[in-house]
């Protein structure tokens, strides 16, 4: 049989094959090569699984000279017999009859050598400097497969629950959070932009005729769709020009934002809890090998923490109740707690990990520390906000019931100095057929961070963007 008539089979499929003693063609990258003068063992991986396929090359058929380019990182095409393995560590192996080097990897300069591919000889921080190669390591192969599985599970969940996927704009003229830390989008010449009479930049001369930015959230536009289609979700990139170098912040990240007409705060909490449990269950059921590897290498408590989320009902309590618990706690906190202050990660984790020992949903925050669009409670002091808190990570979801009353929304915008002229269309949603509605935002990378057990958010996105880094 000629090589061109034999179709390639993936490593994952071959490792699970029920039919042996047949000719196969497999392609992938060399992870390791070892052996003696009688036989060489090549570990081949094509990215389909954390596990390698063992290739056996007998010396009488493959003398040392013929394998000189079979080095760590080289890309191979291997043809041979798929047989039951005689050695330990694998059920099957391929006894090679033909090995072709598709792409060489110079062993003197290739940065992912034998131990580096398992993260034993090269740090995660160093791997960020070679983001174009780090997906070839076991760690980042596992992370990226889990990231894919979670993205698929998100679309699958919403589709099964009657939601419509809406693509909200990446370039926007509004700031959903009122934070002001946005990346500007402009075609004006940076050296000599046109000026108005008062000397400020004249954005009327810009491409869109006004100042525009990269979006920080698709929520406001999502509300447009929800008040027509009922239940929608967005899932796309968002951007924040925050000069932060922490392990929890990125300048470019992905957000999942469902918006639902006729939902109130209780409905919103029910959805968030069911949604998160569904995603974690999906990872446990479909990413077992990758999770087992990450637990062994990085976080011995990973699987226990994932099952902890799935098996426990989320504790629900108000911000006011949480503050009282924190103030009476025997533990000392770095940041003091009082009513009206924003809770820090240490406070959130105390509630989850030590006090309740289960995921927590906090509600009814003071209006001063939340966004203008959140619905006021009857007391006039708090809003119908909700934050979902997870072990090891703190806040993973933030959401609220939205203010559907036009006059109350206008009053809040005035209080918080949010210009009505920029959001006239948002106010129109309250003028024409307003309805109760709610939604939340899930930072996708924070979810991946939680599910993989990685410690830095820069290690759960293929190409991290943070201050001073946009190399790839």
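FYI, it's all coordinate maths here, none of it is from the lab. All figures in this text were calculated on a predicted structure; none of them were measured in a lab. Cβ coordinates were reconstructed from backbone atoms using ideal geometry, including for glycine residues, and neighbour counts include every protein chain displayed.
With all pairs of separate Cα atoms included, the stretch 3-110 yields a Kirkwood hydrodynamic radius of 13.8 Å. Rounded to 0.05, the FRET efficiency of the residue 170 and residue 81 pair, given R0 = 60 Å and the Cβ-Cβ distance, is 0.70. Stretching residue 148 away from residue 321 to a fully extended chain increases their span by 58.5 nm, per 0.36 nm per residue minus the current alpha-carbon distance. Taking 0.36 nm per residue of sequence separation and removing the Cα-Cα distance, the residue 369/residue 41 pair yields an extension gain of 112.0 nm. At q = 0.07, 0.10, 0.11 Å⁻¹ the log10 of I(q)/I(0) for the chain amounts to -0.48, -0.86, -0.98, computed by Debye summation with a single uniform scatterer per C-alpha, solvent ignored. The distance linking the stretch 16-31 with the stretch 259-328 is 39 Å (Cα centroid to Cα centroid, whole angstrom). Here the sum of -39500 (n - 2.57) over DSSP H runs of 4 or more residues, divided by the residues of the chain, equals -8000 deg cm²/dmol at 222 nm, to the nearest 500.
Shown is the FRET efficiency for residue 126 and residue 186, computed with R0 = 30 Å from the Cβ-Cβ distance and rounded to the nearest 0.05: 0.25. Ranked from largest, the principal axis spans of the Cα set of the stretch 332-382 equal 32, 23, 17 Å. Give the shape of the stretch 345-472 as rounded, prolate or oblate, defined through the alpha-carbon gyration tensor: a ≥ b ≥ c are the square roots of its eigenvalues, a/c under 1.5 means rounded, and otherwise the shape is prolate if a/b is larger than b/c and oblate if not. In terms of gyration-tensor shape, oblate.
Note on residue 463/residue 405: beta-carbon distance plugged into 1/(1 + (r/R0)^6) with R0 of 35 Å gives a FRET efficiency of 0.25.
The alpha-carbon atoms of the stretch 46-166 define a convex hull whose volume equals 175 cubic angstrom per residue.
Return a whole-number percent for the relative contact order of the stretch 24-163, with Cα pairs under 8 Å and 6 or more residues apart as the contact set.
20 percent
Put a dot 7 Å past the Cα of residue 301, heading toward its Cβ, do the same for residue 335, and the two dots end up 2.1 nm apart. Annotation: extensible slack from residue 61 through residue 19 equals 12.6 nm (criterion: 0.36 nm per residue apart, minus Cα-Cα distance).
Helix 288-297 and the longest principal axis of the Cα set of the chain meet at an angle near 90°.
Axis angle, to the nearest 10 degrees, between helix 265-286 and the longest C-alpha principal axis of the chain: 0 degrees. Would you give the gap between the C-alpha center of the stretch 364-423 and the C-alpha center of the stretch 36-83, rounded to a whole Å? For the stretch 364-423 versus the stretch 36-83, the Cα centre distance is 59 Å. Could you check the spin-label model distance between residue 345 and residue 196? Points 7 Å from the Cα along Cα→Cβ, value in nm. So the two model labels end up 4.0 nm from each other. Using only alpha carbon pairs under 8 Å that are at least six residues apart, calculate the relative contact order of the chain and give it in whole percent. Reported as a whole number, the value is 13 percent. So what does log10 I(q)/I(0) come out to for the stretch 278-434 at q = 0.09, 0.10, 0.14, 0.19 Å⁻¹, using the Debye formula with one equal point on every Cα and no solvent? The Debye formula, applied to the Cα set alone, gives -0.41, -0.50, -0.82, -1.10.
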